[in-house]
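Participant: Would you mind keeping the following structure in view while I ask a few things?
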Amino acid sequence: MTEKKLFRSDMLNCALCHDAPCTKACPVLDPASMLRSIWFANERTAASRFPAENPCLNCSAPCEEACVRAHQVPIRALMTRLCTEVTPELEVPAPTREEALRTDLCGVPLENPFLLSSSVVASTYDMCARAFEAGWAGVAFKTICSLDIHEASPRFSAITGDNGSIIGFKNIEQLSDHSVAENMAIFRRLKENYPSKFILASMMGQNEAEWESLARLCEENGADAIELNFSCPNMAEGGLGSDIGQVPELVERFTAAARRGAGIPILAKLTPNVATMSPAAEAAKRGGADGIAAINTIKSIVGINLHTYVSSPSVHGMSAVGGYSGNAVKPIALRFISEMSRNPALAGLHISAMGGVETWVDALEFILLGAGSIQVTTAVMQYGNRIIDDLKSGLNLYLAEMGFQSVKEAQGLAMDTISFTTDVLERDTILFPKFHREKCIGCGRCMISCADGGHQAIRLSDDRKPILDAAKCVGCHLCTLVCPQRAITAGRKRISRKS
């Protein structure tokens, strides 16, 4: 299998346009689609779509002239690299069918593992219909409730990377602002027009009777399963949202109430604003839940204006603690999914995972740790429903390369490699870094980090290339992480002498 290429850094100026001018200008390729595939870690699938002969070799690159950032994205060079560097390494043809992606959620068939998570991206009939048409297997509809919801404006803020893409996202969004009757009508219409698509009805009650009645309504109006929202960080007043998810007794009580109201599968959506998730998950199972959805957003404060002293988003001079999501939270989400997957008391529960998924690689990491389905919101808000193309094709190609007939064969394969304590790790081997001098530009970043944050084991030669002092190196690999050229990799091993 081809190692992930470092193409993305070459296209940081790409705006990932809608109806992209570069594709309109190219008579042979669809460069916009291929650029998106590069962005979403799917270079191999993009390369598989390349013609046998490289049409870019003698081309004047009208795509770069037409680009909304003219000549700032090396489209021709990127297409050529796909052809010359990636295509020769393809191990199997890109699958033309998607049978391997088929799975299920608590026995209900899914055409692929990917759902929109409960949020604004799945809050109206039209939005859900567009997602279904794009290729998403299902949606977790925005949480229905009997509350009178009026949203604040603005209600989003973000932490962005150097090119403006969102790394972490904060929202102070609440629940569905449609009435229960309106949302039930949407369920009926979606199920009538998209009978094979999966509807996961997120809901929140104010008491046991309401948890029961809402669950019954969801089943009667076409929902395939129910997701109990015990985790919204923006609905904590009055003992709702994450206030419930932090108290296992309440999780069990309200899950049992919903179970009395419905016979379809029930997932408990749990909060990450706890030290461990297992107590709430075990309580949900006792209450009759068939699965767990996790993680919801993390309580956060993003930025303080240095002149107004107000955090973001600012609503008439005030802000509030809100939910943090996006790729930055993925390591935290993976930790919680691993915790629950390895808990024998939760055996048999379906885990629908979310938290920072942007690419098929992100999704696969959750699957390898035991997740059976994947939910996405923040990436869709940033890039649109079209990301499903690369989610599906990237995962599908991986399965083919690995010889898997079904995505279920990958589920849980990484579970036994994770320990929740470092005590089990082998500590007698040092894995030295290896410097690739042909890639090194002589910036000295490795030397600076090793000197001030490591073990003073790197110096620069007269030609500004790194030289390792093996006697001082402890194999921490900080240098491999800070190198902007990725010119340092794992090298040879040394078995240290025990005293």
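Participant: Mind checking which residues of the stretch 83-100 are surrounded by 13 or more Cβ atoms within 10 Å (Cβ to Cβ) and within 15 Å of Q405 (Cβ to Cβ)?
Facilitator: If the condition is that a residue be surrounded by 13 or more Cβ atoms within 10 Å (Cβ to Cβ) and within 15 Å of Q405 (Cβ to Cβ), then V92, P95, E98, A100 are the ones that fit.
Participant: Another question, then. How about the stretch 213-234: which of its residues are closer than 30 Å to I298 by Cβ and not small (G, A, S)?
Facilitator: L214, C218, D224, I226, E227, L228, N229, F230, C232, P233, N234
Participant: While we're here: Which residue is surrounded by the most Cβ atoms within 10 Å (Cβ to Cβ), if the candidates are limited to the stretch 272-300 and must be part of a loop (DSSP other than H, G, I, E, B) and without any contact (Cβ under 8 Å) to a residue 40 or more places away in the chain?
Facilitator: Residue satisfying both the conditions and the ranking: G287.
Participant: Among the candidates T23, T87, T103, T80, single out the residue that is closer than 30 Å to I264 by Cβ and of a type in the set (S, T, Y). Let's see the steps before the verdict.
Facilitator: On the way: T23 fails: closer than 30 Å to I264 by Cβ; T87 fails: closer than 30 Å to I264 by Cβ; T80 fails: closer than 30 Å to I264 by Cβ.
After ruling out the rest, the residue left standing is T103.
Participant: Checking the conditions here, which among V274, V321, V315 is β-branched (V, I, T), over 23 Å from the mean Cα position of the chain (by Cα) and assigned by TED's automatic domain parsing to the domain that holds E339? So that I can check it myself, show each step before the final result.
Facilitator: Values: V274 fails: over 23 Å from the mean Cα position of the chain (by Cα); V321 fails: over 23 Å from the mean Cα position of the chain (by Cα).
The match here is V315.
Participant: Give the residues of the stretch 123-137 that are in contact (Cβ under 8 Å) with a residue 60 or more places away in the chain, in a helix (DSSP H, G or I) and not charged (D, E, K, R), sorted by residue number. Give the steps one after another, and end with the answer.
Facilitator: From the stretch 123-137, those in contact (Cβ under 8 Å) with a residue 60 or more places away in the chain are 124-125, 128-132, 134-137; that's our starting set.
Pick out the ones that are also in a helix (DSSP H, G or I) and you get 125, 128-132, 134.
Those that are in contact (Cβ under 8 Å) with a residue 60 or more places away in the chain, in a helix (DSSP H, G or I) and not charged (D, E, K, R): Y125, C128, A129, A131, F132, A134.
Yes/no per residue for (1) among the aromatic types (F, W, Y); (2) assigned by TED's automatic domain parsing to the domain that holds S311; (3) in contact with a strand residue (DSSP E or B) (Cβ under 9 Å, 6 or more places away or on another chain); (4) closer than 20 Å to C17 by Cβ:
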residue	(1), (2), (3), (4)
N58	no, no, no, no
A61	no, no, no, yes
C67	no, no, no, yes
E85	no, no, no, no
F114	yes, yes, yes, no
S117	no, yes, yes, no
F132	yes, yes, yes, no
S153	no, yes, yes, no
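Participant: Now for a separate question. Going through the stretch 339-369 one residue at a time, which ones are on the phi > 0 side of the Ramachandran plot and in contact with a Leu (Cβ under 9 Å, 6 or more places away or on another chain)? Reasoning before the result, please.
Facilitator: Taking the stretch 339-369 as the starting set, the residues that turn out to be on the phi > 0 side of the Ramachandran plot are 348, 355-356.
Residues satisfying the conditions are G355, G356.
Participant: Something else now. Select from the stretch 417-445 the residues that are in contact with a Gly (Cβ under 9 Å, 6 or more places away or on another chain) and either over 17 Å from H477 (Cβ atoms) or surrounded by 11 or more Cβ atoms within 10 Å (Cβ to Cβ) (or both) and list them in ascending order. Lay out the reasoning, then the answer.
Facilitator: Of the stretch 417-445, the ones in contact with a Gly (Cβ under 9 Å, 6 or more places away or on another chain) are 429-435.
Scanning the stretch 417-445 gives I430, L431, F432, P433, K434, F435.
Participant: Which number in (1) touching a Lys or Arg at 6+ places or on another chain (Cβ under 7 Å); (2) buried (at least 19 other Cβ atoms within 10 Å of the Cβ); (3) hydrophobic (A, V, I, L, M, F, W, C) marks the one condition that V321 misses?
Facilitator: Of (1) touching a Lys or Arg at 6+ places or on another chain (Cβ under 7 Å); (2) buried (at least 19 other Cβ atoms within 10 Å of the Cβ); (3) hydrophobic (A, V, I, L, M, F, W, C), only one is false for V321: (2).
Participant: From the list E85, E111, which residue is farther than 19 Å from N396 by Cα, touching a residue at least 12 places away in the same chain (Cβ under 8 Å) and acidic (D, E)? Walk me through how you get there before you give the answer.
Facilitator: Details: E111 fails: farther than 19 Å from N396 by Cα.
E85 is the lone residue from the list that is farther than 19 Å from N396 by Cα, touching a residue at least 12 places away in the same chain (Cβ under 8 Å) and acidic (D, E).
Participant: Considering only residues that are of a type in the set (A, V, I, L, M) and closer than 22 Å to E219 by Cβ, look in the stretch 101-130 and name the one that is surrounded by the most Cβ atoms within 10 Å (Cβ to Cβ).
Facilitator: Filtering the stretch 101-130 for residues of a type in the set (A, V, I, L, M) gives 101, 105, 108, 110, 115-116, 120-122, 127, 129.
When the remaining residues are screened for being closer than 22 Å to E219 by Cβ, the result is 105, 108, 110, 115-116, 122, 129.
Numbers: L105: 23, V108: 15, L110: 21, L115: 27, L116: 29, A122: 25, A129: 17.
Out of the qualifying residues, it is L116.
Participant: For the stretch 206-255, name all the residues that are assigned to a helix (DSSP H, G or I) and either closer than 16 Å to P279 by Cα or not assigned by TED's automatic domain parsing to the domain that holds L267 (or both).
Facilitator: Passing the criteria: S242, D243, I244, G245, P248, E249, L250, V251, E252, R253, F254, T255.
Participant: So which of I337, I367 ends up being touching a residue at least 40 places away in the same chain (Cβ under 8 Å) and either closer than 30 Å to G303 by Cβ or charged (D, E, K, R) (or both)? Before you say what the answer is, go through the steps one by one.
Facilitator: Working: I367 fails: either closer than 30 Å to G303 by Cβ or charged (D, E, K, R) (or both).
From the options I337, I367, the qualifying one is I337.
Participant: For the stretch 148-168, does any single residue satisfy the condition of being part of a helix (DSSP H, G or I) and modelled with pLDDT of 95 or more?
Facilitator: Filtering the stretch 148-168 down to residues part of a helix (DSSP H, G or I) leaves none.
No.
Participant: Only one of (1) in contact with a strand residue (DSSP E or B) (Cβ under 9 Å, 6 or more places away or on another chain); (2) modelled with pLDDT under 95; (3) of a type outside the set (F, W, Y) is not met by Q206, so which one is it?
Facilitator: Q206 satisfies every listed condition except (1).
The values are calculated or read from the model by the stated rules, or taken from the named source; none is laboratory data. These numbers were taken from a predicted model, which means no experiment stands behind them. Using ideal geometry, Cβ is built from the backbone for each residue, glycine included, and neighbour counts are taken over all protein chains shown.
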